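Q: What follows is a single structure, and I will ask about it in a moment.
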Amino acid sequence: MVKKHTGWIFNNDNGEFSLDNPDCSNFLYFPLANEAGIMSAITPTLHGDIKTGQNNYLTAPVTSLDLNNTRSAMNFWVYTPNKAPWSLAGNSPRQIEDRMKEVREEEVKLEAGFLYHKIIRKNNKLGLKSEIINFVPVENDKVELMKVSITNLSDETISLNPTAAIPIYARSADNIRDHRHVTSLLNRAETTEYGVLVKPTLSFDERGHKKNNVTYYVLGAEDNGEAPVGFLADMEEYIGESGNLEWPEAIVKNSLFKGKGQNTDGYEAIGAIRFNNIDLKKGEEKNYILAFGVNFETDLDIKEKYLNLDKFNNELEKNKNYWGDKLSTLSFESGDNSYDNWMKWVTLQPILRRIYGCSFLPHHDYGRGGRGWRDLWQDLLALLIMEPKQVRELLLNNYSGVRIDGTNATIIGSKPGEFLADRNNIPRVWMDHGAWPFLTTKLYLDQSGDLDFLLEEQDYFKDGKVSRCLETDESFDGSLGNRLRDVNGNKYTGTILEHILVENLSSFFNVGDHNNIKLESADWNDGLDMASAKGESVAFTALYGSNILDLSKILLKLKQIKNIESVYLAEEIIILLDSISGQINYQDVAAKKDLLNKYYEKTKNSVSGVKIEIDIEELACDLSRKGQSIIEHIRENELVVNKEGYEWFNGYYDNNGKQVEGDNDLGTRMILTSQVFTIMGGVAEDDQVKKIVSSCDKYLKDLKVGGYRLNTNFNEVKLDMGRLFGFAFGHKENGAMFSHMAIMYGNALYKRGFVKEGYEVINSIYTHCSDFEKSRIYPGIPEYINEKGRGMYNYLTGSASWLLLTVLNEIYGVKGELGDLIIEPKLLKQQFDKNKQAKVTSIFKGKNIKVSYKNESLKDYGEYKISKVLVNEKNISINQGEKVVIGKDVLEKLDIKDTININVELS
Ligand code: G1P
């Protein structure tokens, strides 16, 4: 068989795909997880790791490089007399050699779907075929299941000795370097009727030495439920003095295994399970079921629940249905079936990030669980359109992480609304953090029309850090918990509106020498972390500007729709509303800083608890004046025109107070982020957007990496900006195609009506990712594409949320506007299928919504208009145009029960 990568292909409309020779691509991994908290990563050679969190790894934690460099994998061997043992996972020296050959001895194929992983391996010489399926059942158990099927392809009967071998690490990821050997002394392994259990005596990590109650297990049975015949739990004994996991003595020498009821104390462990010898006749198949995981309870009967073929098949079916149902809430139909299927994998990604956080897949080798503030809010964007039921509460809870100075807690607990004081006492403020909550809340308000949400009360986070972490509140000792109190010691609460105001206004005043908001410890780009003294982020100043303007408009709607004349705010906040309390000049940097310091002085330890009534129009006016001042300031001061005549916005000042973008002795410096927020928020006027697009095409576009790079090559380790300039150019935050920002660029272009340009951005990413020879990733969007064109950090990236949002709200144009339904397609001609249709399924106000466009004359965007709209077969009167608003009153009158079917004619 000739080895060649044809890339993955989708086998049906359910996202299931297959890939030949997957074991010849070294960095592939696939996630397997459930809501109970088991998180696995699996490769085509069954490497990877399985865990429930930082402190409970069943198999040893791996980084991407370890995936194929460690010999530790889930292996399954068959020993045939007079022949070399065969690894069904492909992990033996001969099979590794085979992977490099142009003509392979083994035929290997991956099939995968939501959310299972199947590896099929044929060895014609041996006359054997194996099929291994792994998945994590959707039950409330922390267990992964694996079925191994062996088929005799030859004409002869083959005698086999089958053995499963899964190394058991059984401890915290920290112990990989911290007392790896010493912690093996804690191991207490026991063989039972069905496998190996390891229950270390103590857990030995940063939490201290505690009695351990967790059991790690590897169990197995034949398809009919019959128990194995022998076990080895001691790794040393299994590999022998001269072998290793890819050529273990116990397999190669076909050693005798031990019976049940044996204890092995104080050694590295393995779940090596020997099954009965079999004589496999021509065409015959034999199955083995394995179950392995982490058990926190005492009475989980794995054998009863999972260890036979019927149960396995049943759970696999349940699993496919569960994920299928979940993902069906958002789906797209266009002219390109492969793209529609690819989008299903993108739809899965925000759910995976909810489960894994920003850790626990092999590229995320720094994560210890949880996720950051920014990710918390952005992941909600996708959940808002996929799992909207729980979102109101999550949003409300998340606001309790805001401090009264406008910054927020950085350590986010695992439960909703759980924010912890920074255990390392690191005083860091990311200047963009205050901008995301409003963006997500605005999407929520638009989808739901639930303006009352703004007036819900929530408390504030409090710790010893004040004045944007520049000062310490010595009076705070934490004895009353991490909640802000008033002068009388009562827990203080304010409205969600108040929280949003505090976040955006404190940022508004926190400017540097050039009157842009200070960069502080970094902005969205975590790598811009070395310019806290004089650095400024014009890019995010633009986002704050548009936020403040949008909030001002929403306040007017609050008055108009809800008849609310005034709101109550903490009396200290009046300082920040200077148009009401004593107007300052917004061009005066010192005046801005003074005002902010006054506010900080007043709120340093506590608040008075007194609320004052503010007229809503006056408040809206104050915000509008502030937002406008930002926009004018950037327009007047930050436009760059370089010597080649290209034009764009400067987005940064470095730690020497120097403008970052533009021409320089070392080359042209341009950053995509600076363009994204000036375009998205309307700082750039239409003709400027055109110019910016040409500049991006000139300096940032590179199809080798899937589209638009995050920045040009600065050719300098720019220590007055941040660590990212230490990364080689073209990698991660230094000039890679960084999906998150590139997708936001596409989103911004669509928002501004630059549809062909927006399509180009999104399409170049898709085209690159789906070209397996280049991207070397399974379907889905990675965090970035590196200089070699490889997709990196697949699955766990905020870009997935932004992509879904862009495709649904902008490309298909289905979105909410304070509860009204907007239909405004921005589909290009080529995005309609052969029936000249394009369809999208989503959720709107708790109901399924299916919008079908018919473009009979196959006109392009800009040429077609919406000419007819049917809602559940009833004609809706519309003004022909590019956009139709279906008011909440119209939808209410139609009294729709479950599904809103909308048929839209374009002509
Ligand atoms: C990651 C982080 C995100 C950060 C970005 C740039 O992006 O999760 O918070 O803003 O890097 O530093 P993501 O993985 O979401 O694509």
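The values are calculated or read from the model by the stated rules, or taken from the named source; none is laboratory data. Owing to the predicted nature of the structure, the values given are computational and were not obtained by experimental measurement. Neighbour counts run over all protein chains shown; Cβ positions are idealised from the backbone, glycine included.
Q: Test Ala542 against the stated conditions and say whether it is farther than 18 Å from Val402 by Cβ, away from the ligand (no atom under 16 Å from the Cβ), within 38 Å of the chain's Cα centre (by Cα) and of a type outside the set (Lys, Arg).
A: Details: farther than 18 Å from Val402 by Cβ: yes; away from the ligand (no atom under 16 Å from the Cβ): yes; within 38 Å of the chain's Cα centre (by Cα): yes; of a type outside the set (Lys, Arg): yes.
In short, yes.
Q: Related question: Evaluate the following for Lys442: is it surrounded by fewer than 20 Cβ atoms within 10 Å (Cβ to Cβ), more than 15 Å from the ligand (Cβ to nearest atom) and under 23 Å from Asp550 (Cβ atoms)? Write out each step before concluding.
A: On the way: surrounded by fewer than 20 Cβ atoms within 10 Å (Cβ to Cβ): yes; more than 15 Å from the ligand (Cβ to nearest atom): yes; under 23 Å from Asp550 (Cβ atoms): yes.
Judged against the criteria, Lys442 is a match.
Q: How do the pairs read when you match residues in region 877-904 that are buried (at least 17 other Cβ atoms within 10 Å of the Cβ) with residues anywhere that are outside any helix (DSSP H, G or I) and at pLDDT below 90, using Cβ under 6 Å and keeping only pairs 6 or more apart or on different chains?
A: Val884/Ile878
Q: Would you please name the residue that is nearest to Glu757 (Cα to Cα), looking only at residues in region 807-826 that are of a type in the set (A, V, I, L, M), in contact (Cβ under 8 Å) with a residue 60 or more places away in the chain and touching a strand residue (DSSP E or B) at 6+ places or on another chain (Cβ under 8 Å)? Steps first, answer last, please.
A: Initial filter on region 807-826 (of a type in the set (A, V, I, L, M)): 807-808, 811, 814, 818, 821-823.
After this cut, where a residue has to be in contact (Cβ under 8 Å) with a residue 60 or more places away in the chain as well, the list is 807-808, 811, 818, 821-823.
Still in the list and also touching a strand residue (DSSP E or B) at 6+ places or on another chain (Cβ under 8 Å): 807-808, 821-823.
Numbers: Val807: 14, Leu808: 17, Leu821: 26, Ile822: 22, Ile823: 21 Å.
It comes out as Val807.
Q: Identify the single condition in (1) among the acidic types (Asp, Glu); (2) more than 19 Å from the chain's Cα centre (by Cα); (3) within 15 Å of the ligand (Cβ to nearest atom) that Glu787 does not satisfy, given that it satisfies every other one.
A: Glu787 satisfies all of (1) among the acidic types (Asp, Glu); (2) more than 19 Å from the chain's Cα centre (by Cα); (3) within 15 Å of the ligand (Cβ to nearest atom) except (3).
Q: What number of residues in region 852-871 are within 17 Å of Ile822 (Cβ to Cβ) and part of a loop (DSSP other than H, G, I, E, B)?
A: The total comes to 3.
Q: Have a look at Asn872, Asn879, Asn855 and point out the one that is farther than 24 Å from Gly758 by Cβ, at pLDDT 90 or above and not hydrophobic (A, V, I, L, M, F, W, C). Quick ask: steps written out before the conclusion?
A: Working: Asn879 fails: at pLDDT 90 or above; Asn855 fails: farther than 24 Å from Gly758 by Cβ.
Selected residue: Asn872, the only one of Asn872, Asn879, Asn855 that is farther than 24 Å from Gly758 by Cβ, at pLDDT 90 or above and not hydrophobic (A, V, I, L, M, F, W, C).
Q: Counting just the residues of region 484-530 that are among the aliphatic types (A, V, I, L, M), in contact with a helix residue (DSSP H, G or I) (Cβ under 8 Å, 6 or more places away or on another chain) and not in a loop (DSSP other than H, G, I, E, B), which one comes out nearest to the ligand (Cβ to nearest atom)? If you could, list the steps in order and put the result at the bottom.
A: Looking only at region 484-530, we keep the residues that are among the aliphatic types (A, V, I, L, M), and these are 484, 487, 496-497, 500-502, 505, 511, 517, 519, 522, 528, 530.
Now narrow it down to the ones that are in contact with a helix residue (DSSP H, G or I) (Cβ under 8 Å, 6 or more places away or on another chain): 496-497, 500-502, 505, 511, 517, 528, 530.
From the residues that got through so far, the ones that are not in a loop (DSSP other than H, G, I, E, B) too are 496-497, 500-502, 505, 511, 517.
Working: Ile496: 23, Leu497: 26, Ile500: 20, Leu501: 24, Val502: 22, Leu505: 23, Val511: 22, Ile517: 16 Å.
Per the criteria, the residue is Ile517.
Q: I've got another one for you. Could you give me the residue pairs with C-beta distances under 9 Å whose first residue belongs to region 829-843 and is without any contact (Cβ under 8 Å) to a residue 24 or more places away in the chain, whose second residue is crowded, with 21+ Cβ neighbours inside 10 Å and not in a strand (DSSP E or B) wherever it lies, and which are 6+ apart or on separate chains?
A: Lys836/Asn855
Q: If you take the residues of region 374-431 that are within 16 Å of the ligand (Cβ to nearest atom), in a strand (DSSP E or B) and not aliphatic (A, V, I, L, M), which of them is farthest from Tyr492 (Cα to Cα)?
A: Trp430
Q: Let me ask something additional. Between a residue in region 700-728 that is at pLDDT 95 or above and any residue that is of a type in the set (A, V, I, L, M) and surrounded by fewer than 15 Cβ atoms within 10 Å (Cβ to Cβ), which pairs come within a Cβ distance under 8 Å, given they are 6 or more apart or on different chains?
A: That search, which allows pairs on different chains as well, returns Phe714/Leu666; Asn715/Leu666; Glu716/Leu666; Phe725/Val717; Phe725/Leu719; Gly726/Val717.
Q: Where residues in region 717-746 are under 22 Å from the mean Cα position of the chain (by Cα) and more than 14 Å from the ligand (Cβ to nearest atom), which of them is surrounded by the most Cβ atoms within 10 Å (Cβ to Cβ)? Walk me through how you get there before you give the answer.
A: Of region 717-746, the ones under 22 Å from the mean Cα position of the chain (by Cα) are 724, 730-746.
After this cut, where a residue has to be more than 14 Å from the ligand (Cβ to nearest atom) as well, the list is 730, 746.
Numbers: Gly730: 21, Gly746: 29.
Ranking the qualifying residues of region 717-746, first place goes to Gly746.
Q: So Asn263 passes all but one of these: (1) more than 40 Å from the chain's Cα centre (by Cα); (2) under 28 Å from Ile96 (Cβ atoms). Which condition number does it fail?
A: Unmet for Asn263, out of (1) more than 40 Å from the chain's Cα centre (by Cα); (2) under 28 Å from Ile96 (Cβ atoms): (2).
A quick yes/no check of all residues on (1) in contact (Cβ under 8 Å) with a residue 40 or more places away in the chain; (2) outside any helix (DSSP H, G or I):
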residue	(1), (2)
Ala221	yes, yes
Ser255	no, yes
Tyr267	yes, yes
Phe292	yes, yes
Lys303	yes, no
Asp310	no, no
Lys318	yes, no
